[in-house]
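Quick note: the coordinates plus some simple rules give every number you see, no bench work behind them. From a predicted model like this one, the values you see are computed outputs, not experimental measurements. When we count neighbours, we look across all protein chains shown, and the Cβ atoms used for this are built from the backbone with ideal geometry, even at glycine.
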Amino acid sequence: MQYISTRGDRSPKHFCDILLEGLAPDGGLYLPEHYPQVDDATLSRWRSVYQHQGYAELAFEVLSLYIDDIPAADLKALCRKTYTAEVFGSPEIVPLRPLENGIWLEALSNGPTLAFKDMAMQLLGNLFEYELARRGEELNILGATSGDTGSAAEYAMRGKRGVRVFMTSPQGRMSPFQQAQMFSLMDDNIFNIAVDGVFDDCQDMVKAVSNDLDFKRRYKIGTVNSINWARLLAQVVYYFAGYFQATKTQAPTLGAGASSLPPEGAVSPWGGAAAQHNTEKVSFTVPSGNFGNVCAGHVARMMGLPIARLVVATNENDVLDEFFKTGVYRVRSSADTHETSSPSMDISKASNFERFVFDLLGRDGARTKALFGDALARVGFFDLEAHPAFSRAASHYGFDSGKSTHADRLATIKDLYVRHGMMIDTHTADGVKVAREHVQAGVPMIVLETALPIKFAATIVEATGREPDRPARFNGIEALPKRVVAMSADAQAIKTFIASHCS
């Protein structure tokens, strides 16, 4: 398996090269040359693997289709080291809970930092340590977080040999719990930088540094944001796990209109015949800001996982909802990015969206570069409404979308607590609200949980009148000493900071 850039550079690279590199040299994002196709027999075998051998073995099965430059025994050992009940709280790792009327909740937030980012970041930390030791090299990780990526990365990388983490975050825009999780870490290889701006400013800084190829090579800069393909790949696994838990049989159950896979015998433009299934289908609703989590669902679907719909749930920063409804992708300025009660989705430039548009346009790198590298820089938007491919976002790729507001999430949180005695966090509430609008009879709708409620306690109290449960290990975390550096939204400033701590 080799990898190419969304912006046209087809110089093939292996997995471990892009693992450490992050962005491609042309500014694009890496994707595999083709998506491996999962047929009925493989899907059935993977179901048995998950049910009888566990999540780690399923992860190995999925990852081994994309990673051929790590020996199989080593890759399996890395998966087993990562996905344990001790770390993630249950043998299923991502247990599925029934909610109501065909809606299910996939629990992804039982890891070390109580957010779904742990599912990929714990593996990424082990992959980095393994590959750096194999090469005898070091890596300086530069990241941007709107709340959960930062703590998940830092908890995964703290103490890891050969790795430093420089994590930028928007000053004052995260919850007190999220800030405390990051800023209270005192490990020598962890550096927190609070940027005067919003998440998109932080992400722009990371991209600017990554696009300075001389600096990137001199200081061995890597990324842990979902622009790193390895992180997105790890997230593909829990779509399969969720599907296996929601479907107990493999008999066809859907009526007309439920399928949006290519017609039988169709040839995928990404290599090979598109996998066909007579199995049950499910849908997923995914709270989304940077499009990474739902992009992993897109990859799973392209592999042949029987997904009927991929529903993108946004908050008031609805750039993605606007696109799927109108064909217009319009980034917002920092001043126009709303500060909301689901702050991890306060994003107006969805980096991973480029991967999907690349597929949507038939993997036309030149066209993708013109849109993301030129049009957005010049005018701040592009419009695909009239493009023949736009209708395929729904008809061929199964995408739909919806939006939730502060009032919506308060009502959803309160409703689930009153009727079911269940507390969910604010981002998951956005997902549940939108899922209720898109559920189809006979098709399980799986909402991906994003975090535990304690991370956004103030809004939970506002909605329910009571404080959410707090794991004992986080008691008093907000009162711990903090170590963080304030910085303007300036790429040169972060370069200077990195250079001064790498000498």
- So what are the ³J(HN,Hα) numbers for the range 112-128, from phi and the Karplus equation (6.51, -1.76, 1.60; θ = phi - 60°), rounded to whole Hz, Gly and Pro as x? x, 10, 6, 9, 4, 4, 4, 4, 9, 5, 4, 5, 4, x, 5, 5, 4
- Of S5, T412, I498, farthest towards positive along the dipole that unit charges on Lys, Arg, Asp, Glu beta carbons give the chain: I498
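If the chain between A77 and H406 were fully stretched, how many nm would it gain, using 0.36 nm times the residue separation less the Cα-Cα distance? Don't skip to the end; give the middle numbers.
Details: separation 329, 0.36 × 329 = 118.44 nm, distance 4.34 nm.
Extra length from A77 to H406 when fully extended: 114.1 nm.
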- Fewest to most neighbouring Cβ within 10 Å: what's the order for C79, C202, C16? C16, C79, C202
- Item | Likely footprinting exposure, R301, R80, R378, R367, fewest C-beta neighbours within 10 Å first | R378, R80, R367, R301
- Query: Under a point-charge model restricted to the Cβ atoms of Lys and Arg (+1) and Asp and Glu (-1), what is the dipole moment magnitude of the range 292-375 relative to its Cα centre, in debye to the nearest 20?
  - Reply: 400
- Please get the size of the charge dipole for the range 355-396, origin at its Cα centre, with Cβ charges of +1 on Lys and Arg and -1 on Asp and Glu, quoted in debye to the nearest 20. 140
- Filter the trypsin sites (Lys or Arg not before Pro) in the range 397-503 down to the DSSP loop ones having no more than 12 other Cβ atoms within 10 Å, then list what survives. R466
- Message: Give the residue list of GluC sites (Glu not before Pro) in the range 300-395 that are DSSP loop and have at most 16 other beta-carbon atoms within 10 angstrom.
- Response: E339, E385
- Item | Selection from V87, I141, Q235 lying farthest towards where the dipole of the chain points positive, charges on Cβ | V87
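For the chain, what is the calculated [θ] at 222 nm in deg cm²/dmol (nearest 500), taking -39500 (n - 2.57) for each run of four or more DSSP H residues and dividing by its residue count? Don't skip to the end; give the middle numbers.
Numbers: 21 runs with 205 residues, N = 503.
It comes out at -12000 deg cm²/dmol, rounded to the nearest 500.
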- Item | Calculated Rg and Dmax of the range 1-70 using C-alpha coordinates, Å | 14.7, 44
- Task: Within the range 118-171, report the trypsin sites (Lys or Arg not before Pro) that DSSP leaves as loop and that have at most 10 other Cβ atoms within 10 Å.
- Result: R161
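Fewest first, what order do M121, M422 take by the number of other Cβ atoms within 10 Å? Each step should come with its number before you reach the end.
Working: M121 28, M422 14.
By the 10 Å Cβ count, ascending, the order reads M422, M121.
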- Task: Please get the size of the charge dipole for the chain, origin at its Cα centre, with Cβ charges of +1 on Lys and Arg and -1 on Asp and Glu, quoted in debye to the nearest 20.
- Result: 460
